[in-house]
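The values are calculated or read from the model by the stated rules, or taken from the named source; none is laboratory data. Here the structure is a predicted model, which means the values were calculated and not measured. Using ideal geometry, Cβ is built from the backbone for each residue, glycine included, and neighbour counts are taken over all protein chains shown. Protein only, heavy atoms only, side chains kept; ligands, DNA and RNA dropped before computing areas. Shrake-Rupley method; radii C 1.70, N 1.55, O 1.52, S 1.80 Å.
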Amino acid sequence: KKEAVKAVQLLFDERGLIPGRDIEALVTISDLYSEVAIEELKKRGFKIPRDLLVVGFNNRQDSFTVSPPLTTIDPNFYRHGYLALESLLALIRGETAPERIYVPTNLVLRQSCGCFEDPVIKAKTCDKITVSTSVFPPDWNQPIAAQREPLLQSLRNCFNGSLSVLGP
């Protein structure tokens, strides 16, 4: 974790890089590093993804709970293990196994790269509700409490008044 903080310090303190002018994205070797970097960047007043895009690697279970949810690369570790075992069993049986096996990775788009997740983009709307898919919303950290009642009323209109809301 300390390495992620050191990387942010190196880029912005020592090298004096300015997001948007000198650097557009931060891509790390691990979702955990990305999560720590995002927290450090937020402490410095940067808005993710408006000021800087962030992408991780591993597709950790927690990567969608980061704010904003972390775009990541899923290396498909299960497939790696499966193919390695398959090759090992072939060698044990005296068969040949490939020298190299390539396993494609998958890009998992979430909001830290400025992209909305697929379900959000594909959401159906009714007359009263609109879903913005602008790449950079004005402020990811802005409270939405002021929009709560108009949104709930729009939802009630969509469901002909049959919407129940739990909580305050």
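Extending 7 Å from Cα along the Cβ direction at D22 and again at R44 yields two label points whose distance is 0.9 nm.
How charged is the neighbourhood of S87? Take every other residue with its Cβ under 15 Å from the Cβ of S87, and add Lys/Arg as +1 and Asp/Glu as -1. With Lys, Arg at +1 and Asp, Glu at -1, the net is 0. The charge dipole of segment 4-59, taken about the Cα centre with unit charges on the Cβ atoms of Lys, Arg (+1) and Asp, Glu (-1), comes to about 180 debye, rounded to the nearest 20.
Ellipsoid semi-axes for segment 18-114, based on the Cα gyration tensor and the rule √(5λ), read 37, 12, 9 Å when sorted largest first. For the residues D62, D74, a 1.4 Å probe over the protein chains yields an accessible-area ranking, largest first, of D62, D74. The candidates E86, E99, E40, arranged from most to least accessible area with a 1.4 Å probe in the full protein assembly, appear as E99, E86, E40. Summing Lys and Arg as +1 and Asp and Glu as -1 over all other residues whose Cβ lies under 14 Å from the Cβ of K2 gives a net charge of -2.
The Cα-based radius of gyration and maximum Cα-Cα distance (Dmax) for segment 31-87 are 14.5, 50 Å. Normalised per residue, the accessible area of segment 45-114 is 62 Å², obtained with a 1.4 Å probe and no contribution from ligands, DNA or RNA. In the context of the full protein assembly, K2 retains an accessible surface of approximately 150 Å², using a probe radius of 1.4 Å and ignoring ligands and nucleic acids.
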